[in-house]
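Data first, discussion second: the structure below is written as structure tokens.
The values are calculated or read from the model by the stated rules, or taken from the named source; none is laboratory data. All of these numbers come straight from a predicted model, not from anything done at the bench. Note: ideal-geometry Cβ built from the backbone for every residue, glycine included; neighbour counts use all protein chains shown. Surface areas here come from the heavy atoms of the whole protein model, side chains and all, with no ligands, DNA or RNA. Shrake-Rupley method; radii C 1.70, N 1.55, O 1.52, S 1.80 Å.
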Amino acid sequence: MPLLAIALRATVTYVYLLVLLRLTGKRTIKEGTPFDLVVALVVGDMPDDVIWGDVPLAQGLVAMGTVALLHLVVERVTYRSVRLDRLANASATVIVRDGVVDRAALGRERMNEDDLTSSVRTQGLKDPALLRAARVEPSGEVTIVRGEAVAPVTGSDREPVRALAR
Amino acid sequence: MDLGELGLTALRASVIYVFLLIVLRLLGKRSVGHATAFDFMVALILGEIVDEPIYGDVPMTKALLAIVVVAGWHFVNSWLSTRSTWFDRLTGGMPRVLVENGVIDRAAMSKEHVNDDELWTMLRRHEIERMEEVKVATLEPSGELSVIKTDAARELRKGDLAPLLHDAA
């Protein structure tokens, strides 16, 4: 019964992938590295051939398991060694320090000033000069730390606020 | 390739599109949209399943069945996760505190395979450059790091105004 076989193979693949993902400890793709995404795409491309029966179930499970296991080993190794992690995943690059844009660093990340200004704008600020720091993270996103003039008033500012109220 | 086959391809693509739309609506926005790694995998699997039937390499009945089975298990999975904390933790992981009062919990970091570089990236998303600013940082099942800042580092809120005015008076 080919329909039953399809349902069975789809079920086995579903449960198998759920177990694999739990083993790798990956919680999200969104905040992972670009390589996590590529690995997910590679593994995600495998189940359909298994479900249609173009590839024997055992072979599919071995293929998915091997890629996931390799990724797990790389994760383990890069967790133990910061140097290997930087080799495999790149580290954060500082592109703004105390309001000054580091053009060389920007160039290394293949960004121009418009890209920087644009991502600063999406975080609600007009100009990189207002930042204490900005970095390109290994995930590719830009994180910022606001400078004194645009930083929020925090608990450590209670005294000046009290003085203001007096 | 004759026109009839092209028309059939368009028809099959349309049937699959509408069917997937219905299935995803039934699954609900949190099941494929809330971006855990496995939700993402399920979205990938569904996306990969449908190309063969669209090209006519696999009959439509088989395709619809495969979609229903994968989506069905995902539905059961999310349903059980909302009913049973035990099952949710088994399949989705549980929140784990990585930093408390500015001190990194090395054992927790190791269990989650999070190294210092990754922790700092997650902290910088909360505009934190100094560990002392962290009261509690928790790795949530969604993969996000939630951060409660210390009193000195957190923003003042409307609720802080009355005590401040009281002090000043």
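Quick notes on this structure:
- Debye, to nearest 20: dipole size of the range B:34-169, +1 on Lys, Arg Cβ, -1 on Asp, Glu Cβ: 440 debye
- As a fraction of the 1.4 Å probe accessible area of the range A:76-166, surface on carbon and sulfur atoms comes out at 51 percent.
- Inter-site label distance for A:Val150 and B:Arg157 at 7 Å from Cα along Cβ, in nm: 2.5 nm
- Protein-protein interface of the range B:137-169, residues with accessible area decrease of at least 30 Å², isolated chain reference, 1.4 Å probe: B:Gly143, B:Glu144, B:Asp151, B:Ala152, B:Glu155, B:Leu156, B:Leu164, B:Asp167, B:Ala168
- Rounded to 0.05, the FRET efficiency of the B:Arg25 and B:Leu80 pair, given R0 = 22 Å and the Cβ-Cβ distance, is 0.60.
- Rounded to the nearest Hz, the phi-derived 3J(HN,Hα) couplings of the range A:106-123 under the Karplus curve 6.51 cos²θ - 1.76 cosθ + 1.60 (θ = phi - 60°) are 4, x, 4, 8, 6, 10, 10, 5, 5, 4, 5, 4, 4, 6, 5, 4, 5, 9, where x marks glycine and proline.
- Projecting label points 7 angstrom from Cα along Cα→Cβ for B:Leu8 and A:Lys126 puts them 6.3 nm apart.
- Compactness check for the protein assembly as shown: Cα Rg over 2.2 N^0.38 Å is 1.23.
- Between B and A, accessible area buried - total, square angstrom, nearest 100, 1.4 angstrom probe: 5400 Å²
- Projected-area average for the range B:85-169 over all orientations - Cα convex hull basis, square nanometres: 7.2 nm²
- Within the accessible area of the range B:1-132, the carbon and sulfur atoms contribute 64%, probe 1.4 Å, all protein chains present.
- FRET efficiency for B:Arg96 and A:Leu70, using Cβ-Cβ distance with R0 set to 22 Å, rounded to 0.05: 0.30
- Surface accessible to a 1.4 Å probe, A:Arg132 within the full protein complex, Å²: 90 Å²
- Pairs of Lys residues in the protein assembly as shown are counted when their Cα atoms are under 26 angstrom apart and they lie 8 or more places apart or on different chains; the count is 16.
- Among the trypsin sites (Lys or Arg not before Pro) within the range B:129-169, those in coil by DSSP and having at most 12 neighbouring Cβ atoms inside 10 Å are B:Arg130, B:Arg157.
- Residue-averaged [θ]222 nm for chain B, counting only DSSP H segments that reach four residues, each worth -39500 (n - 2.57): -19500 deg cm²/dmol
- Mean separation of Cα contacts under 8 Å (6+ apart) over length of the range A:1-140, as relative contact order %: 24 percent
- With the convex hull drawn around the C-alpha atoms of the range B:68-133, the volume per residue stands at 130 Å³.
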